[in-house]
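Notes for the one structure printed next.
The values are calculated or read from the model by the stated rules, or taken from the named source; none is laboratory data. Keep in mind the model is a prediction, meaning the values are calculated, not measured. Please note: Cβ atoms are built from the backbone with ideal geometry, for glycine as well, and neighbour counts cover all protein chains shown.
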Amino acid sequence: MLAFQVQVNDEAPILAGRPTETVLTLIASYVSARGELDLSVGGLSKSEGTRSERIDWLQRDLKIGDRVTLVVVESDHISAPISVRVDDPQFIEREKRRYYERLKAEYEKDGSAPGPR
């Protein structure tokens, strides 16, 4: 299977991937307003019909001078994830509905929906 081999500086590399992976990500981000510099390696996986999982292999702060190496590899031996969260379809549906209702109220507060831009 396709996997990400990720190494920070001279630390031991991790191998991220799963046979049921639908999304595999490596994200390095910097938020200047909060002074946050971090790295995350994770993914989304579908299993058992519509059940989906959010998987994390690495989440850590970075500092100036850190070296992050990514190698895309084929491997059947991956590192154990640090967390796996199963999405609750009912919760997701409620949150989508709540978001829809909030946007609907926002755009219809003056009695007219927004027109084309």
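Which of the residues belonging to the stretch 1-38 are of a type in the set (V, I, T) and in contact (Cβ under 8 Å) with a residue 40 or more places away in the chain?
V6, V8, I14 - these are the residues of the stretch 1-38 that are of a type in the set (V, I, T) and in contact (Cβ under 8 Å) with a residue 40 or more places away in the chain.
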Selected residue (criterion: modelled with the lowest pLDDT) from residues of the stretch 35-64 that are touching a strand residue (DSSP E or B) at 6+ places or on another chain (Cβ under 6 Å) and of a type in the set (D, E, K, R): K46
The stretch 1-34, subset at pLDDT below 90 and charged (D, E, K, R), residue surrounded by the most Cβ atoms within 10 Å (Cβ to Cβ): R18
